[in-house]
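Quick notes on the structure that follows.
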Ligand code: FNR
């Protein structure tokens, strides 16, 4: 995505009361379709949300229970970013029918120490992009399961970005209206769910 009008990492939108949504891509690939999907979601989202991408997945070390009480700075930053966000929007690739290891590893860090998970009650929406016709559907299902197990509050909606290698135009936005609408509706449903959660805590 070289000549794009979309934000490289963040899309800070003005507006009092805007929900802070942290976008997490499960891919480390520079030209990742999942990262592209999140950037498109940020560009298409309404002013009621401020969608920022977290781009430090590669800095997270392998999880060990020995280190969970005193993790690296990168893990502290991940936990802080999740804590400060009102909600998460995660776009996952599918590797061998499930979640990429580094994404699962980061969520394991976020879920510990026991009783101190920064994911507890956190509203989350999951989408996935793949060049296949299935759009990472299995990985999305597994990711929602992992999120529920770690105490987060994922919405049931899924968004399969199939044929992701041809889904986005040179401007970084989805070529098809259906995908543009899907991204907008997913963020909108996440925002509604987040407001419900925030009003009930
Ligand atoms: C894949 N890919 C893949 N795709 C899919 O739809 N189902 C799968 O099970 C797998 N398995 C798989 C395993 C491994 C190890 C790799 C590296 C890739 C293809 C994958 O969807 C493709 O590489 C995407 O482009 C990865 O997402 P990003 O990096 O574009 O966001």
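Read-outs throughout are calculated quantities, based only on the coordinates presented, and are distinct from any laboratory measurement. The model shown is predicted, which means the values in this text are computed figures rather than measured ones. Cβ placement follows ideal geometry from the backbone for every residue including glycine, while neighbour counts extend to all protein chains displayed.
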Please compute the modelled spin-label separation between residue 195 and residue 69, points set 7 Å along Cα→Cβ, answer in nm with one decimal. 4.3
If you stretched the chain out fully between residue 134 and residue 157, how much longer would it get, using 0.36 nm times the residue separation minus the C-alpha to C-alpha distance? 6.8 nm
Taking only DSSP H segments of four or more residues, each worth -39500 (n - 2.57), what value at 222 nm results for the chain once the sum is divided by all its residues, to the nearest 500 deg cm²/dmol? -11500 deg cm²/dmol
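Relative contact order for the chain: what is it in percent, counting Cα pairs under 8 Å that are at least 6 residues apart?
On the way: 392 pairs, mean separation 46.6, N = 201.
Answer for the chain is 23 percent.
One-quarter of the Cα convex hull surface for segment 133-201, in nm²?
Numbers: hull surface 22.1 nm².
The directionally averaged projection comes out at 5.5 nm².
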Quick one: length gained pulling residue 166 to residue 120 fully straight, 0.36 nm per residue minus the C-alpha distance? 12.9 nm
Given points 7 Å out from each Cα along the Cα-Cβ axis, report the residue 105 to residue 84 separation in nanometres with one decimal. 2.4
Paramagnetic reach from residue 176 (point 7 Å along Cα→Cβ, amide N under 13 Å) across segment 45-84: none
Show me 93-105, 172-184 ranked by packing, highest mean number of other Cβ atoms within 10 Å first. 93-105, 172-184
If you wrap segment 19-200's Cα atoms in a convex hull and average its projection over all directions, what's the area in nm²? 9.8
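Antiparallel versus total DSSP beta bridges in segment 19-200: what percent is that, nearest 5?
Of those bridges, close to 10 percent are antiparallel.
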